[in-house]
4 protein chains.
Amino acid sequence: MSETAEPMYELAHLGHAELLTPVYEQSLEFFVEVYGMDLVQESGGSAYLRAWGDHDLTTLKLTASDRAGLGHVGWRTISPQALDRRVAALEARGVTGEWIDGDVGHGKAYSFRTPSGQRNEIYYETEKYQAAQGKKSYLPNQPQSSVTRGAAVSRIDHINVLARDIPAAREFMCQTLGFKLREHLIPPDQPEAGAWLSLMNKAHDLAITREPADTTGRLHHLAYAVENREDVLRAADVFCELGTFIEFGPAKHSRTQGFFLYVYEPGGNRIEVFAGGFHIFAPDWEPVTWTTEGQGRSTAWGLDVPASFHTHATPVLP
Amino acid sequence: MSETAEPMYELAHLGHAELLTPVYEQSLEFFVEVYGMDLVQESGGSAYLRAWGDHDLTTLKLTASDRAGLGHVGWRTISPQALDRRVAALEARGVTGEWIDGDVGHGKAYSFRTPSGQRNEIYYETEKYQAAQGKKSYLPNQPQSSVTRGAAVSRIDHINVLARDIPAAREFMCQTLGFKLREHLIPPDQPEAGAWLSLMNKAHDLAITREPADTTGRLHHLAYAVENREDVLRAADVFCELGTFIEFGPAKHSRTQGFFLYVYEPGGNRIEVFAGGFHIFAPDWEPVTWTTEGQGRSTAWGLDVPASFHTHATPVLP
Amino acid sequence: MSETAEPMYELAHLGHAELLTPVYEQSLEFFVEVYGMDLVQESGGSAYLRAWGDHDLTTLKLTASDRAGLGHVGWRTISPQALDRRVAALEARGVTGEWIDGDVGHGKAYSFRTPSGQRNEIYYETEKYQAAQGKKSYLPNQPQSSVTRGAAVSRIDHINVLARDIPAAREFMCQTLGFKLREHLIPPDQPEAGAWLSLMNKAHDLAITREPADTTGRLHHLAYAVENREDVLRAADVFCELGTFIEFGPAKHSRTQGFFLYVYEPGGNRIEVFAGGFHIFAPDWEPVTWTTEGQGRSTAWGLDVPASFHTHATPVLP
Amino acid sequence: MSETAEPMYELAHLGHAELLTPVYEQSLEFFVEVYGMDLVQESGGSAYLRAWGDHDLTTLKLTASDRAGLGHVGWRTISPQALDRRVAALEARGVTGEWIDGDVGHGKAYSFRTPSGQRNEIYYETEKYQAAQGKKSYLPNQPQSSVTRGAAVSRIDHINVLARDIPAAREFMCQTLGFKLREHLIPPDQPEAGAWLSLMNKAHDLAITREPADTTGRLHHLAYAVENREDVLRAADVFCELGTFIEFGPAKHSRTQGFFLYVYEPGGNRIEVFAGGFHIFAPDWEPVTWTTEGQGRSTAWGLDVPASFHTHATPVLP
């Protein structure tokens, strides 16, 4: 993007993600009973779930598979016209995707693989959630009654994928889809180790961090938001009481400044409970370059990152 | 806007507000010592202030005047081109504004009065804050060290103005500037009593509520954000310890679901400490119509609104 | 107590309360599903409940009755010897009580009416809760897994009864049982309106406030604690979502400085969700006398007290 | 203590601690500007400080010395009579202490060394803090206006000393002074590694953990309390902004369940910011024995303990 170009607002938000799991029943139980989501429907070997604050019908598709990983990630455009423009931009760049008819919760979508190997889709038509009588909130600006079960996550927030070549991966997302680079990490004498991108006012909707293995298409983690840091602390107790392994946190991220907690769902996918994060309002935000860990710390308050955080991803490699 | 039109993202954010005060010194002391802002500079009979999390040089201009009120409110566009487009749209609608050279913190701006009588300006060129050595944060993605003084507000959040004819006032802002109507309140057999509008992902950047008097151009309140509801509770103690009158709160709004606390600064302007509020990601958000107080409550948990909240505004009428 | 007397530590804590309700099934559902307690057993027309952080087997007995109110309140002594000493002190003062065999959760108790007409009992032998396998916490210093259901109250905290003659009522409790007067409210030219008493380090275990009617023995409210103010805010949403009427709060008390939220359970008894409150460590604490509302406010931040808070109590008078 | 003995309530609370520092000026600046305490007076080469919620005149004495460490720790008895009884009990056990005339904030005290080598004193007469006009709180039950400076700690909470023989150290404190053993840690095939003791309703006023070196009398840490976990999180930002090294936390303790954050003050003494912790009301509390780290975790949510936490203490050994 040249300096005189205007910022592009063509994608509206992270719409949904499909997670693959080799232990479908246990994963489903985790997302409902521990993470606190609601099951919308099961069909075709998949479960469709939603968090209580999601306005769309479903934001998580859970699919039985031989191994864990990311089925695909879906981004909603701001309009049907923007969908066509983004497909044209993708194809102009040589992407070979395909139109699919849609799925539970959304209409036709253009599906393609990014340079880092994850399947993405973009779409506009969406089914909004309509709460049944017993689930209506006392607040008409909320899609359904809030939930207190388990970690009680409130809405889909962001996704973190791995890439061997982070500059290439992020430039692709920025140039074809209008993501904005907000922060990146370039350790001294090393290639770029992480990039945090967003669409409008969030610190990140998408993180791309370094793939340590000779592979592509892997998922680092999927995150849902809760409203306050206290909710993250409360989630830590919930996970401990219910036997879910905590890998990392609760603590404060240096990048995004969000408050985090990472666990593994039974299928092996890393899942985050996230709160806060700064907001970005400047249309000419200068990407923050973290040049060393020393400058900015791995985490804001100095907590060390466990080794697994740099190596574990799904699919788990043999 | 017809149904097939695309959403417009032309304004980026609330940039700054100018408050008038008949007791300049006391107001300045309030904003620094009690509200927790930093003084950037004083010049021309005005003080320019910033909150620690504001990325722009200044977001509040405080000007000595014979009475309290709103000097003007400034909105930043997403680009120079968007600034030109918005001026063209305003003038096409018959607005007669004027270009001004700029002010501390921003460049040339187009200044005009909205139908409800408040002076607004739109601009693009902005001076970013550069922290001096002793004020740099340990986090390079934060404009300066966080502050603990007083209520320690972190960034400008939204403004609430009064209008006699709310539908006309909000349609003007939506059609010429790209605000989106998120929620409005239409009590039974009464005219519209309030409208909440935003630009991108917030529940509101601008609220327009009913002017009870036969006048125009008044301010209901200006709000800065803190990060958590606990910070709002902490601010309540700060205000009580420092002798600032609390008018309303802390409690939870029904509209926006933000957590609020209202005080009067010494000049008489109503000032809010605000946290949270839901996020809006859907590009086709359907405005929520609150048809009765009974449906949605004045405040989320049922706390009554004090009478002054419906009558006090600045300038105070004789 | 003369000035040279030593402070008396003879009662250990509020042990349990029995609430009467004319709508037993609805009240039981409230305490389990909305307030978040666990049902321990039902027998003899009563339900015995516990909060997840209560170390005793049961802290709430819910009994079907023709009208709401307080069945009795039970205080645990620090030892069997202290039980005997307190009974001797009560009888020396002319109290005519009776020994009862005990109840679910505790052994023999001495039951008597206080001057303000509430039935109290003191006892020492207690049955501790032993979590069944599926309910054991991951933390061995916690009696059972924490609960996320409803308001998820964690432990019994305090009780507030009404008395026509507050000085007489509180002096009785102090002199016979070792309560300490921590704060009291004496509005100008009026009789004492409230007294807050505690046993060891809490700001209050027992509050006695003014009975507005020509009656005795009434309950103002029973309170369970949650751990943080955020939990009180979260409870407000829970009550609204589940249709429980909020009478007052969330806000901060001036007396005790606790953070409060009051609702009515379906039987009509007022129930509080409480967090915080200052601690009292000084053995020679000087009671704080609040002489006017102006000095100290009805609530810490100025929120008005609803009229019902001064008039509603159980049994509701015809 | 045999089973039929009554619990002893003879000490009221942790009264104060004296810390030694080789960098007096820097340490004093830390406690005032970073930790958020107020300086009461300087005299005799020592500074006397208080936290805003301390009811006593001073709770921290900071003394210039050639090396860091604990000068002494002071415990207040519940009465003058209890002071005499405890001195008699100490002397009956063979302790050779001495009466001292008192110090700023308290009267005559009996000073002695515990078996683990720390100097302790017990006393009754205390000077209460009287806020000057400008420091009076709006709440008459609070000793002074709350403070927002730095970590803004609110009151002294507990102290942790080291001992080579923990069972001997804790039994001495229990039998002579009436401390109660609440929890202890006995790793498999190892000697007792830690003991947590309290006086009345707190989970701990005193912790005794294992001295790794062949020495006596060392301090592990001194802790002041803040009101909420959010205050601990806020303190972490304060420490980072002001350049104070964070050793450990914020996280949740397994023992006591408090929420913690440890830093080193410039003199090298470890200082904690602490919130929460469960309450103990049962007069017959059964000490919780943590037999393995696996059973209960080093910290509640699994965060590893840094090696320095087991080795660093003051005086630092050559």
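Only the coordinates and a few stated rules stand behind these numbers; no lab work does. Not measured: the values here are computed from a predicted model. No Cβ is skipped: glycine too gets one built from the backbone with ideal geometry, and neighbour counts run over all protein chains shown.
Going through segment C:72-86 one residue at a time, which ones are without any contact (Cβ under 8 Å) to a residue 12 or more places away in the chain and within 15 Å of D:Met8 (Cβ to Cβ)? Correct list: C:Gln81 only. Going residue by residue through segment C:205-220, is there one that turns out to be within 14 Å of chain D (Cβ to nearest Cβ) and over 21 Å from C:Leu19 (Cα atoms)? No, there is no match, as no residue in segment C:205-220 is within 14 Å of chain D (Cβ to nearest Cβ) and over 21 Å from C:Leu19 (Cα atoms).
Applying the condition of being touching a residue at least 12 places away in the same chain (Cβ under 8 Å), of a type outside the set (D, E, K, R) and not in a strand (DSSP E or B) to segment D:237-262 and asking which residue is farthest from the other protein chains (Cβ to nearest Cβ) yields D:Thr244. Tallying residues that are in a strand (DSSP E or B) and in contact with a helix residue (DSSP H, G or I) (Cβ under 7 Å, 6 or more places away or on another chain) within segment C:2-37 yields 2. For segment D:144-194, filtering for residues that are within 30 Å of D:Tyr129 (Cβ to Cβ), more than 14 Å from chain B (Cβ to nearest Cβ) and among the small types (Gly, Ala, Ser) leaves 1. Among the residues of segment A:55-106, the ones that are closer than 17 Å to A:Phe179 by Cβ and among the charged types (D, E, K, R) come to 4 in all. Does C:Glu230 qualify as being part of a strand (DSSP E or B) and acidic (Asp, Glu)? So C:Glu230 fails the test. Out of the residues in segment D:210-228 that are more than 9 Å from the chain's Cα centre (by Cα) and crowded, with 22+ Cβ neighbours inside 10 Å, state the one that is farthest from D:Ala282 (Cα to Cα). It comes out as D:Arg218.
Here's the yes/no breakdown for (1) closer than 21 Å to D:Tyr224 by Cα; (2) touching a residue at least 60 places away in the same chain (Cβ under 8 Å):
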{"position": "D:Gly102", "(1), (2)": "no, no"}
{"position": "D:Gly117", "(1), (2)": "no, yes"}
{"position": "D:Ile122", "(1), (2)": "yes, yes"}
{"position": "D:Gln130", "(1), (2)": "yes, no"}
{"position": "D:Leu139", "(1), (2)": "no, no"}
{"position": "D:Ile156", "(1), (2)": "yes, yes"}
{"position": "D:Ile186", "(1), (2)": "no, yes"}
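D:Glu272 meets all of the listed conditions (1) in contact with a His (Cβ under 6 Å, 6 or more places away or on another chain); (2) under 23 Å from C:Val232 (Cα atoms); (3) of a type in the set (Asp, Glu) but one, namely (2). Filtering segment D:273-283 to residues that are in contact (Cβ under 8 Å) with a residue 60 or more places away in the chain and assigned to a strand (DSSP E or B) leaves D:Val273, D:Phe274, D:His279.
The residues in segment D:54-81 that are closer than 23 Å to D:Ala168 by Cα and among the small types (Gly, Ala, Ser) can be counted, and the count is 3.
Select from segment A:50-78 the residues that are of a type outside the set (Lys, Arg), within 21 Å of the chain's Cα centre (by Cα) and part of a loop (DSSP other than H, G, I, E, B) and list them in ascending order. Within segment A:50-78, A:Ala51, A:Trp52, A:Gly53, A:Asp54, A:His55, A:Leu57, A:Thr58, A:Thr59, A:Ser65, A:Ala68, A:Ile78 qualify. Put simply, of A:Val153, A:Val147 the only residue that is surrounded by fewer than 22 Cβ atoms within 10 Å (Cβ to Cβ), closer than 30 Å to A:Thr244 by Cβ and touching a Phe, Trp or Tyr at 6+ places or on another chain (Cβ under 6 Å) is A:Val147.
Which residues, counting only those in segment A:29-45, are buried (at least 22 other Cβ atoms within 10 Å of the Cβ) and either basic (Lys, Arg) or in contact with a strand residue (DSSP E or B) (Cβ under 6 Å, 6 or more places away or on another chain) (or both)? A:Phe31, A:Met37 - these are the residues of segment A:29-45 that are buried (at least 22 other Cβ atoms within 10 Å of the Cβ) and either basic (Lys, Arg) or in contact with a strand residue (DSSP E or B) (Cβ under 6 Å, 6 or more places away or on another chain) (or both).
For segment B:183-202, filtering for residues that are buried (at least 24 other Cβ atoms within 10 Å of the Cβ) and touching a Phe, Trp or Tyr at 6+ places or on another chain (Cβ under 8 Å) leaves 6.
Looking across segment C:221-233 at every residue that is in contact (Cβ under 8 Å) with a residue 40 or more places away in the chain and of a type outside the set (A, V, I, L, M, F, W, C), the one that is farthest from the other protein chains (Cβ to nearest Cβ) is identified as C:His221. Look at (1) farther than 26 Å from A:Glu241 by Cα; (2) within 14 Å of another protein chain (Cβ to nearest Cβ); (3) in contact (Cβ under 8 Å) with a residue 60 or more places away in the chain and you find that D:Leu317 fails only one, number (2).
The single condition from (1) buried (at least 21 other Cβ atoms within 10 Å of the Cβ); (2) within 13 Å of another protein chain (Cβ to nearest Cβ); (3) among the acidic types (Asp, Glu); (4) in contact with a strand residue (DSSP E or B) (Cβ under 7 Å, 6 or more places away or on another chain) that B:Glu265 fails is (2).
Of all residues in segment A:79-117, those that are loosely packed, with under 15 Cβ neighbours inside 10 Å, of a type in the set (Gly, Ala, Ser) and not in a loop (DSSP other than H, G, I, E, B) total 2.
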